[in-house]
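Quick notes on the structure that follows.
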Amino acid sequence: MSGHEFEYDFAGTGTMDLDDRSTNIDQATIAEMNELIARYPDKRSALGPILHLVQSVDGRVSAPGVEIAAALLDIPPAQVQGFATFYTMYHKKPAGKHHIGVCTTALCAVLGGDALLDCVEKKLGIHADETTPDGEFSLERIECNAACDFAPVVMANWEFMDNMTPEKAEQLIDDLRAGKPVQATRGATLTGWRDSERVLAGFSDGRADEGPSAGEPSLRGVQLAAEKGWTADSVTGAAPAPPDAPAAPPAEPKTEPKAATAKAEPKAEPKPKAKADAKAPAAKAAKGDKK
Ligand code: FES
């Protein structure tokens, strides 16, 4: 062995327990799966949402869930398993009532993400990719959640908990364990991971506008632009070209040889005629551009 073995940080993305046949999927769930399928021109596109729905009822991507999804989508179960084991948001082992993710990607890491993960592991008595014995919490080391302006970030049931500290993380866990209402920093009040999975499947809980959706660091650029009167071109279509725009850009490449000629001019200096000749093509080209 080389001594530099790859450390696999995503044990939870491994294979699923196919011997565990327990499931809460019933006819109502299957009707909802068909509802999801009907939303796409190619029914295979509904696989992701269906697996989120499976997680919302089974707490994991269950073996029966895989088989039912495969049958409804007319694809092999192995293809469903391959999909589920590729994406880290699909759990092969039962997740907790509350799923905690601690970001340890670069920016969060340097601002305390690793210390946060240590703290949460000690507080819960589990490591990343494990679930507490009482089923209340599961923990995951997550990659960047595009919330770097609020680093270090913790996700609770996929809602943002920004600018975290070990003390705030411990309080979060205490409050969730006690069943106290916890408001996400930018999002809804936390309920449970399965509820979030149902929303991710595509079934609204009517709370999309609950809580703040943006924070001061993200809005700072907009505020600055408003103060300075900065505007951007419309993004709804191509901006109209200024009337003289076509003439200017084509001239650029043709001026480059001129610059090269200028560099060569010292060698040609003893022959003024050559210097004049060298300018001729550029002048011709310039005339040609105007045509
Ligand atoms: S590095 Fe943690 S949210 Fe981007």
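Read-outs throughout are calculated quantities, based only on the coordinates presented, and are distinct from any laboratory measurement. Because the structure is a prediction, the values reported are computed rather than measured. Here Cβ is always computed from backbone atoms with ideal geometry, including for glycine, and neighbour counts include all displayed protein chains.
Kindly rank 18-27, 43-52 from highest to lowest mean number of other beta carbons found within 10 Å of each residue.
43-52, 18-27
Rank by packing, highest mean first: peptides 99-108, 216-225, 199-208, with packing defined as the count of other Cβ atoms within 10 Å averaged across residues.
With the highest mean Cβ count within 10 Å placed first, the list reads 99-108, 199-208, 216-225.
First check a/c for segment 113-197, with a ≥ b ≥ c the square roots of the eigenvalues of its C-alpha gyration tensor; if it is under 1.5, answer rounded, and if not, answer prolate when a/b is larger than b/c or oblate otherwise.
In terms of gyration-tensor shape, rounded.
Quick one: what do you get for segment 70-145 if you divide its Cα Rg by 2.2 N^0.38 Å?
Against the compact-globule rule of thumb, the ratio is 1.34.
Beyond 26 Å, what percent of the Cα pairs of segment 59-200 remain?
26 percent
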